[in-house]
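Chemist: Dropping a structure here in structure tokens format, bear with me for questions.
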Amino acid sequence: MAQLLDGAGKLGWVLLKSVLRFLFMFINNCAAIPSYCLYLVLLQPLRIWDRSTFWYIEGVMFKWLLAMVSSWGWVAGYTVTEWGDDVRPISEEEAMVIVNHQSTGDVCTLMMCLQDKGTVVRKMMWLMDHVFKYTNFGLVSLIHGDFFIRQGKAHRDKQLVYLKDHLEKYYHSRDRKWIVLFPEGGFLRKRRETSQLFAKKHSLPHLTHVTLPRLGATHVILKCLSAQQENGTIGSDTGTPNQTAKRKGLQWVIDVTIAYPKARPMDIQTWIFGYRPPTVTHVHYRMYPIKEVPLEAEPLTDWLYQRFVEKEDLLAHFYDTGSFPPEGHKEAVSRQMGVNPMWLCIIQVFAFASGYMWYSVLQYLYCCLF
């Protein structure tokens with residue numbers, strides 16, 4: 001009986017915490033997201049007069065919003081440990097980031113672990129499934145200039161054309177530096193069986209912890225954002241004459257592998273309600289200079305497949321040992337990702353104060369008009 005009461009008490013406490021967390025996040029969203037939108041409406045004259053300053057301010061507020069999402073997991077004890085290459089020294093250079101995809105929590109994990117990477121978060125463009133357009137954060141991503149891609153064979157060719165147009169219109173004009181995509185094209189649990197059947201049919205590696213990546217978006221990004229020499233290889237200068245002095249094009253491909261303890265991915269619901277015990281998510285980075293990346297479709301496909309075979313080995317080692325393997329002859333070194341609680345408190349206070357201010361302004365205008 002005592003054990004039953006103890007279990008019921010623990011369950012009740014978890015449910016109470018989940019409800020309180022949800023209420024806080026709901027109010028937080030109601031204050032922060034409309035405030036972000038209204039500030040940018042107010043700053044539209046600045047967008048006409050000085051575009052670079054406008055997108056600088058937008059990027060700062062965008063980073064604050066992502067930090068708020070990161071704080072949801074952080075206060076519940078969901079932290080990140082980083083492995084592999086240190087990507088901070090190249091945070092001001094242009095890079096394409098390819099990530100394995102297991103759940104909706106992957107995006108939240110990236111939001112957290114990239115917060116301390118200089119200006120990366122505010123100058124980042126995301127490629128994500130079109131369903132995210134209809135979430136609470138969808139409007140923010142639309143304003144920021146992220147690209148929502150529709151999956152499926154029926155839409156694939158059109159989506160790649162739309163992606164090319166989107167990159168040409170928004171990537172350079174908004175001073176983006178990093179672009180993040182999930183080449184697998186969906187969650188592991190949904191694509192694994194199909195991927196394994198495809199691999200068997202075409203004598204490709206059998207993968208369990210990742211799926212075979214799709215080439216389309218990766219190829220379009222490299223074609224659009226990498227500087228190309230006359231022989232078709234990737235160079236170091238941009239192909240657009242007006243931007244040669246300012247931009248070098250993509251300089252790096254950053255291969256990111258996300259691993260969850262016991263292969264149990266965390267989804268966005270876990271981040272919101274916090275019902276899972278404190279968990280450390282492990283993120284491994286491996287950097288490749290862009291000159292090592294082939295540009296033509298067939299060699300690029302082989303290169304991309306090889307990266308995901310490496311991810312398979314990394315994850316297999318992690319699930320067996322609890323750590324990633326060493327790089328070459330070096331010992332495997334991990335770095336605990338830190339979050340500044342004082343800074344999080346400041347932006348949360350700013351968000352709620354802004355929400356109250358805009359509510360008062362709109363209420364006053366409504367009373368004046370009606």
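Chemist: Among the listed residues Ala67, Ala2, which satisfies the condition of being under 19 Å from Cys108 (Cβ atoms), out of contact with any strand residue (DSSP E or B) (no Cβ under 8 Å at 6 or more places or on another chain), at pLDDT below 95 and of a type outside the set (Phe, Trp, Tyr)?
Modeler: So the residue among Ala67, Ala2 that is under 19 Å from Cys108 (Cβ atoms), out of contact with any strand residue (DSSP E or B) (no Cβ under 8 Å at 6 or more places or on another chain), at pLDDT below 95 and of a type outside the set (Phe, Trp, Tyr) is Ala67.
Chemist: Additional query: Looking at this structure, is Val87 of a type in the set (A, V, I, L, M, F, W, C) and over 30 Å from Ser323 (Cβ atoms)?
Modeler: no
Chemist: Still on this structure, I have one more. Within segment 143-164, which residues are open to solvent by less than 80 Å² (accessible area, probe 1.4 Å) and within 24 Å of Phe62 (Cα to Cα)?
Modeler: Ile143, His144, Gly145, Asp146, Phe147, Phe148, Ile149, Leu163
Chemist: Which one is farthest from Val349 (Cα to Cα), of the residues in segment 51-66 that are open to solvent by 50 Å² or more (accessible area, probe 1.4 Å) and touching a Phe, Trp or Tyr at 6+ places or on another chain (Cβ under 9 Å)?
Modeler: That would be Ile57.
Chemist: Of everything in segment 21-31, what is touching a residue at least 40 places away in the same chain (Cβ under 8 Å), closer than 19 Å to Gly274 by Cβ, among the hydrophobic types (A, V, I, L, M, F, W, C) and open to solvent by less than 90 Å² (accessible area, probe 1.4 Å)? Give them in sequence order.
Modeler: The answer is Met25, and nothing else.
Chemist: Would you please name the residue that is most open to solvent (accessible area, probe 1.4 Å), looking only at residues in segment 67-87 that are assigned to a helix (DSSP H, G or I) and hydrophobic (A, V, I, L, M, F, W, C)?
Modeler: Residue satisfying both the conditions and the ranking: Val75.
Chemist: Further question: Go through segment 42-79 and give me each residue that's over 29 Å from Ile272 (Cα atoms) and β-branched (Val, Ile, Thr).
Modeler: Of everything in segment 42-79, those that are over 29 Å from Ile272 (Cα atoms) and β-branched (Val, Ile, Thr) turn out to be Ile48, Thr53.
Chemist: Moving to a separate point now. Search segment 301-318 for residues that are more than 12 Å from Asp255 (Cα to Cα) and pair each with any residue that is β-branched (Val, Ile, Thr) and open to solvent by 10 Å² or more (accessible area, probe 1.4 Å) when their beta-carbon atoms are under 9 Å apart and the residues are at least 6 apart or on different chains.
Modeler: Once the first residue is more than 12 Å from Asp255 (Cα to Cα) and sits in segment 301-318, its partners that are β-branched (Val, Ile, Thr) and open to solvent by 10 Å² or more (accessible area, probe 1.4 Å) give Glu312/Thr208; Leu315/Thr208; Ala316/Thr208.
The values are calculated or read from the model by the stated rules, or taken from the named source; none is laboratory data. What you are looking at is a predicted structure, and each value in this text was computed from that prediction instead of being measured. With ideal geometry, Cβ positions are generated from the backbone for all residues, glycine too; neighbour counts draw on all protein chains shown. For the accessible areas, the whole protein counts, side chains as well, though only heavy atoms, and no ligand, DNA or RNA atoms are used. Shrake-Rupley method; radii C 1.70, N 1.55, O 1.52, S 1.80 Å.
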